[in-house]
Structure formats: structure tokens, C-alpha cells
Amino acid sequence: MKHLILISIAVSFLFLSGCAGQSRLIDNEYETVTKENLQYYLYFPKDYDKTEDEEFGLLLFLHGGGESGAELEEIKKNGPPKLLVEGKEFPFLILAPQNPHKRKWWNIHAVNQLLDEIVKTNRIDPKRIYLTGLSRGGSAAWDLAVQYPKKWAALAVVCGMAPVPYAHWIDKKLPIWVFHGDMDKVISIEESDKMVAKLKQMSYDVKYTRYKGVGHNSWARAYTTDELYEWINNQKLD
């Protein structure tokens, strides 16, 4: 009898040990909360205060990696903010936030929340919201066009990169203008070549300016192209 009890205990131990070693699959959930502190500049055209009921377009500009995680003043070095410092006037508002992280990609969902707040609290035509960015900001602009496809009246990307399959998720009606230098050693021009080729294959409305002999700073020429802003200002969602 004693031997039977010992055998029973041993079998039970082996059974429990076997169960303890088995893999498990559980289902659960966890609500995450992500906060982002975005500093920004907001430009108002001179005609904005002349009327109380007219709505204006807005251009969202995303800077490159060189201005990330620094003083807000840094974003005045390139793109539309640089032109504003030099005295250029625009017919639409310009929202220029700063990526607070030196070595992180833009938090595009935080940027979208900021944009929604600016649109809500100012006289902005929701059918005339434009998007542009250079380098890391250009990549983020592609992302925003994918994640929020019905939001933009026009998209201008300068030396950015994006996976070619993104082309399938961008609004087919979105007018697009891409700029890139063929001597870019930071983000290869092949990024834009392949994306533009795919967009054209799918019959998108896309313009492509390919600068010969220009490196990564193609934004110096792209953002001083007056035709770009005329083109932007003429776009509107249906």
C-alpha cells in the first residue's frame, strides 16, 4: 500500500511538472497613452485680419532631421519658414511644427492632432489644407498622406523616402509634386524615382522635378520655386 501511494505521488508530480512546462496563449488588452510636446510657428497672411468671415488655406510644413530636437528658431533655416524671415508673403496660413526628437521620426499622429486644433481655432478652409516636407519631414509627409488620405488638397515632397507600396493607399485624387537632386548621398534619388514611377503607372496626378547635379539640399531650389506656391494655392478638395 505504501508503495502504491509513493507511485501515485510520483505520477502526480510528473503530470504537474509536464503542465507547468507547456506554452500558453492568453488574450488581454492595454490602453496606451502617448503625449508629445510640439512647439510650432503659425503664419497668418496679411489679409487674414481684414475680414471676420473669410476662410483661408493652410500649408503644413515639416522640416528635416537637422532641425529636430533643437531650439525652435532652427526651423527658420530652410523651407517656407526661411522665406518668411526673408520677407516673403503667402496667401495662406503656414503651420510649421518642430520635431522634438533629434534622432526619432516625426510623430505624425501628434502632428495631425495639432493640425486639427489649429484648423478648429482659426478661419481655415478644410478643403484647402496642403502638406509639404523635406528630407525626414518629406518622409513624414508621405506617411501623413497615407494615414489621412482624405485630408489634403495638395502634397509636395522634397527629397523624402517612402515604401513604394504606399502608392496604393494615397488618395487617387491628390495632386502631388516631388522634388529630388540626382546627387543626393543621404536619401537616394531612387526613392523618388521609384515612387513617382509607381504613381504614374497608377495614373496619379504627379509632377516630378529632378535636379541635375544637386545633392541632398534640393530644398534650397524647390522652396524658392514661385510656381510651387501658385500650384498649391490653386488646389482644393472636391
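The values are calculated or read from the model by the stated rules, or taken from the named source; none is laboratory data. All values derive from a computational prediction rather than experimental measurement. Neighbour counts run over all protein chains shown; Cβ positions are idealised from the backbone, glycine included. These area figures cover heavy atoms from the full protein model, side chains too; ligands, DNA and RNA do not enter into them. Shrake-Rupley method; radii C 1.70, N 1.55, O 1.52, S 1.80 Å.
Things worth noting here:
- Residues (in a strand (DSSP E or B), touching a residue at least 40 places away in the same chain (Cβ under 8 Å) and aliphatic (A, V, I, L, M)) located in the stretch 129-170: I129, L131, L134, A154, A156, V158
Table: residues versus (1) without any contact (Cβ under 8 Å) to a residue 40 or more places away in the chain; (2) within 21 Å of Y229 (Cβ to Cβ); (3) more than 19 Å from the chain's Cα centre (by Cα); (4) exposed (fewer than 14 other Cβ atoms within 10 Å of the Cβ).
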| position | (1), (2), (3), (4) |
| --- | --- |
| K172 | yes, no, no, yes |
| P175 | no, yes, no, no |
| D184 | yes, no, yes, no |
| I187 | no, no, no, no |
| S192 | yes, yes, no, no |
| D205 | yes, yes, yes, no |
| T209 | yes, yes, yes, no |
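- Taking (1) under 27 Å from R136 (Cβ atoms); (2) at pLDDT below 95; (3) open to solvent by 40 Å² or more (accessible area, probe 1.4 Å) in turn, D53 satisfies each apart from (1).
- You will find that of G79, G21, the residue that is farther than 17 Å from L115 by Cα and within 17 Å of the chain's Cα centre (by Cα) is G79 and no other.
- Counted residues, the stretch 88-118 - those being closer than 15 Å to K76 by Cα and either of a type in the set (S, T, N, Q) or in contact with a Lys or Arg (Cβ under 6 Å, 6 or more places away or on another chain) (or both): 2
- Hey, D193 touching a helix residue (DSSP H, G or I) at 6+ places or on another chain (Cβ under 9 Å) and of a type in the set (D, E) or not: no
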